[in-house]
Structure formats: structure tokens, C-alpha cells
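Let me begin by presenting the structure, written as C-alpha cells, before commenting on it.
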Amino acid sequence: MVELRGVRHRYAGRLVIDLEHFSVPRTGALAVVGHNGSGKSTLMRLLALLETPSEGAVFFDGTAVSRRAPASLRRRVTLVEQRPILFRGTVRENLEYGLALRDIARTAATGIIGDVVERLGLQPLLGRRRHELSDGEVQRVAVARALALRPDVLLLDEPASSADRAAAGALYRALAAGRAP
């Protein structure tokens with residue numbers, strides 16, 4: 001689905017990514033494991049079309065991506081970063097925001113949100129705001145928000161790093177069950 005060919009990426013002249021070929025398949029799951037500072041987060045940002053490689057090419061669904069990927073293409077990929085950002089509103093408002101931007105009808109959005117809330121156990125959090133949530137709860141809300149968007153490619157950068165064992169288990173079960181309808 002997303003492919004990197006001959007990609008090298010540098011920050012301030014320092015080479016952080018050097019890949020002859022890397023691809024994310026259309027279906028299934030892929031884990032990227034490595035030491036801190038090994039370029040995993042940079043790789044995720046390249047795959048999410050948020051950064052352009054210093055050298056090489058990015059392909060999406062077989063088509064070369066221009067230096068500045070159009071928003072319509074970037075919306076097909078969603079990245080939940082290790083330290084996600086939530087908006088100031090409630091958890092419910094955070095879950096509704098991306099769906100509203102995509103002109104999803106309110107009744108359909110309510111159903112989609114209901115599904116991800118149930119799967120991730122977020123019902124008690126719906127009326128709470130960002131500052132009232134633990135780091136692990138913020139991560140679960142960010143994953144729920146991403147799942148609700150039903151992207152073609154979902155990238156998760158350490159989605160359970162702040163979660164306790166039970167929350168991490170619920171998150172991984174929800175991901176294994178598939179995306180929102």
C-alpha cells in the first residue's frame with residue numbers, strides 16, 4: 001500500500017534512514033522494532049506522508065507521491081504518534097472532529113464512535129477533557145480517533161507505551177478485531 005524506494009532521510013546532515021526498499025502491505029499488520037534513536041518514528045512519518053525523504057521515492061497504492069502529498073492522499077493514512085495530541089474539548093468532541101471534517105453524517109458518526117468507544121472501553125471518558133486523562137487514556141483516545149477515521153493505512157508509534165497491562169490488552173484486542181465499520 002505504501003512503499004519506499006531508495007529512501008534516505010537526513011536531519012541536519014545526519015543520515016537517519018537508509019532503505020533500498022520498504023513496503024507496508026495492503027492487509028495485515030507490520031511491526032517495526034528497534035532501539036531508541038534508530039529512526040522508527042521518522043520511518044512512520046515518511047510512511048504517513050507527513051515528511052518527504054531527502055532522497056528516493058514514496059509510492060502509495062502503486063503511484064508515486066509528489067513532494068507535497070495532497071491532503072486527499074494524506075487522509076488515507078493515519079499516524080498515531082507515541083505522544084499524541086488531543087484537542088481541548090471532550091473525548092467525544094475529539095472523536096467527532098475528524099469525522100466532521102470528512103462530512104460524515106452525524107448519525108453515521110455516532111455509530112462509528114459508539115463502536116470504537118465500546119471496543120476500547122472509553123465510555124466513562126467521553127465527557128472528560130485532555131487535562132483530566134492519564135497518558136495511557138490519551139493514547140487510547142488517540143487510537144480510537146484514528147480507528148474511527150477508517151484509514152487505508154493505520155500507523156501506530158508505540159500505542160501502548162503509557163498504558164497499564166489491562167489497557168494495553170484491550171487496545172491490542174481492539175486492533176486485532178479490525179477497524180470500525
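Measuring spread by the Cα atoms of the stretch 101-151 yields a radius of gyration and Dmax of 11.2, 31 Å. 3J(HN,Hα) along the stretch 138-143: 4, 4, 5, 5, 5, 5 Hz, from the Karplus curve 6.51 cos²θ - 1.76 cosθ + 1.60 with θ = phi - 60°, whole Hz, x for Gly and Pro. Between Arg14 and Gln82, the FRET efficiency estimated from the beta carbon spacing at R0 = 30 angstrom works out to 0.90.
Of the accessible area of the stretch 83-181, with the probe set at 1.4 angstrom, what percent is carbon plus sulfur?
The C+S portion of the solvent-accessible surface of the stretch 83-181 is 51 percent.
Rolling a 1.4 Å sphere over the protein heavy atoms, what is the accessible area per residue of the chain, to the nearest Å²?
Normalised by residue count, the accessible surface of the chain is 56 Å².
Here, the stretch 68-157 has an Rg and a Dmax of 12.6, 40 Å when only alpha carbons are counted.
Go through 144-155, 160-171, 65-76 and give me the packing order, highest mean Cβ count within 10 Å leading. All intermediate terms of the calculation are to be shown ahead of the outcome.
On the way: 144-155: 21.2, 160-171: 15.6, 65-76: 12.8.
Taking the mean over residues of other Cβ atoms within 10 Å, the ranking is 144-155, 160-171, 65-76.
Using a probe of 1.4 Å on the protein chains alone, the accessible area found for Ile104 is around 50 Å².
The values are calculated or read from the model by the stated rules, or taken from the named source; none is laboratory data. The model shown is predicted, which means the values in this text are computed figures rather than measured ones. Using ideal geometry, Cβ is built from the backbone for each residue, glycine included, and neighbour counts are taken over all protein chains shown. Each accessible area value is taken on the protein alone, full model and side chains, heavy atoms only, with ligands, DNA and RNA left out. Shrake-Rupley method; radii C 1.70, N 1.55, O 1.52, S 1.80 Å.
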